Amino acid sequence: MKDADYMKMALDLAAKAMGRTSPNPMVGAVVVRDGEVVGKGFHARAGTPHAEVLALQNAGERARGSTLYVTLEPCCHFGRTGPCTEAVIQAGVGRVVAAMADPNPLVAGRGLARLKSAGLEVHCGVMEEEARKLNEVFIKYITSGMPFVVMKAAVSLDGKIATREGDSQWITGPEAREFGHRLRDRYDAVLVGVNTVLADNPLLTTRLPEGGRDPVRLVLDSLARTPPGSAVINRSSQAPTIIVTTDRAPRDRVRLLEQAGAVVLAVPAGDSGGRVDIRALMRTLAEREITSVLIEGGGEVHASALASGVVDKVAWFVAPKLIGGREAPGPLGGLGIDRLSEAVSLDRVSVARMGNDIFVEGYISKQRG
């Protein structure tokens, strides 16, 4: 087997902890000696042993003289756990192959340099593109101090998210809806506007055949209009519900929401209309170690998020249905644009079939048009 084959194995291990390691990256490690895999490990969640340590423990004495394949440069600093570089050196590993350097400023090449200074053979960059995609959330968070933001919508073929009467259940089929819940399971938080809460009364929980992890539930609600009895304020879920208001929210409404079990978070208003400043909210969420946010609308929230420049990726489900109607809402509100040259474009676009629906994924282009 080649280096890429063992690295693929390590990447698959890392992905087992999808949605569970925040604010840490997903990391997998494989120990190989004389062409035999003698140790495996992956980082399960923050505060638990890192992948390299687990793989070396799994290998035991067989780690001496081995090659360690790891999806991210081993850390060289004390955080929630000790530095992995020292564990690698002490285990007697002879060669380290990393998929990518750690973008964390506390590491950023220092881990690889430490291994080299100890006499180990070091290579970096094997399957780097795949490793960077796997940890795109961590990379954005650790380098910018902002969460990775995904904008999700389910639309009909003619671009509607509901009928003129507001009926929106269900536009897409069961396969697409299940994948939508997998996105909730993957990201730290899910965000909607108060109008979505008032119209649909959603739970915003993760409902998968095997269960899943509920995200933090965020409601943009500048005036605290969310009813205290809303399904989103669900005491049976371990995930908190955060109602995001401004200083214009009446104190009595805020008190009722807090008594119902919600966390009320006041952030500055972002425009003359008094709506929540989404960019300021994202900075606050990052300070709380919320590293990723899935925005599920509605149309005004989507438009505001795009205009604020916080969106990184789009996840778009398109159903083969025609709804029609001038009054039927679309996935993007706001004033819109005047010229096509002002349109938001996507890069690295991929398309997949989910039952009868089409799933389009792409990254917001840094250039317009």
HN-Hα couplings for the stretch 170-180 via Karplus (6.51, -1.76, 1.60; θ = phi - 60°), in whole Hz with x for Gly/Pro, come out as 10, 6, 9, x, x, 5, 5, 5, 5, 5, x
If you place +1 on the Cβ of every Lys and Arg and -1 on the Cβ of every Asp and Glu, how big does the dipole about the Cα centre of the chain come out, in debye to the nearest 20?
360 debye
Would you mind checking the pairs LYS8/LYS40; LYS321/LYS366; LYS160/LYS321; LYS8/LYS152; LYS16/LYS366 and listing those with alpha carbons more than 20 angstrom apart?
LYS321/LYS366; LYS8/LYS152; LYS16/LYS366
Amide H contacts under 5 Å for LEU346, placed H, 5+ residues apart:
SER365
Using the Karplus curve 6.51 cos²θ - 1.76 cosθ + 1.60 with θ = phi - 60°, what ³J(HN,Hα) values do you get for each residue of the stretch 336-342, in whole Hz, with x for Gly and Pro?
x, 10, 9, 10, 4, 5, 8
Given the candidates ALA262, GLY193, LEU204, the one whose Cα lies deepest towards the positive end of the charge dipole of the stretch 140-264, counting +1 at each Lys or Arg C-beta and -1 at each Asp or Glu C-beta, is ALA262
Rounded to the nearest 500, what is the chain's calculated 222 nm mean residue ellipticity when only DSSP H runs of at least 4 contribute -39500 (n - 2.57) each, over all residues?
-8000 deg cm²/dmol
Run a plain Debye calculation on the stretch 26-91 (Cα atoms as equal point scatterers, no solvent) and give log10 I(q)/I(0) at q = 0.21 Å⁻¹, rounded to two decimals, same order as the q list.
-0.75
Give me the dipole magnitude in Debye, nearest 20, for the stretch 70-207 about the Cα centre, with unit charges on the beta carbon: positive for Lys and Arg, negative for Asp and Glu.
260 debye
Given 20 °C and 1.002 mPa s, compute D for the chain with the Stokes-Einstein relation, Rh being the Kirkwood radius over Cα pairs; round to the nearest whole µm²/s.
96 µm²/s
Tell me which trypsin sites (Lys or Arg not before Pro) from the stretch 23-127 have a DSSP coil assignment and no more than 13 other beta carbons within 10 Å of their own.
ARG45, ARG64, ARG80
Give a residue-ordered list of calculated ³J(HN,Hα) values for the stretch 309-321 (Karplus: 6.51 cos²θ - 1.76 cosθ + 1.60, θ = phi - 60°; whole Hz; x for Gly, Pro).
x, 8, 7, 9, 9, 10, 10, 10, 9, 10, 9, x, 10
Which value in nm describes the separation of the simple spin-label points at GLU36 and ARG95, placed 7 Å from the Cα toward the beta carbon?
1.8 nm
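Could you tally the net charge around LEU72, taking each other residue with its Cβ under 11 Å from the Cβ of LEU72, Lys/Arg +1 and Asp/Glu -1? Let's see the in-between values first.
Values: positive: ARG132; negative: GLU52, GLU73, ASP102, GLU128.
Summing Lys/Arg as +1 and Asp/Glu as -1 gives -3.
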Taking the stretch 1-149 and dividing mean pair separation by its residue count, relative contact order in percent (alpha carbons under 8 Å, at least six apart):
20 percent
Kindly work out what percent of the DSSP beta bridges joining two residues of the chain are antiparallel, to the nearest 5.
40 percent
Averaging the inverse of every distinct alpha carbon separation and then flipping it gives the Kirkwood radius. What is it for the stretch 256-356, in angstrom units?
16.6 Å
How large is log10 of I(q)/I(0) for the stretch 1-137 at q = 0.11, 0.18, 0.22 Å⁻¹ when the intensity is taken from the Debye formula with one equal scatterer per alpha-carbon?
-0.31, -0.90, -1.44
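Values quoted throughout were computed directly from the atomic coordinates according to the rules given, and no laboratory measurement underlies them. Every value quoted in this text rests on a predicted model; they were computed, and no experiment measured them. Positions of Cβ are backbone-derived with ideal geometry, glycine not excepted, and every protein chain shown enters the neighbour counts.
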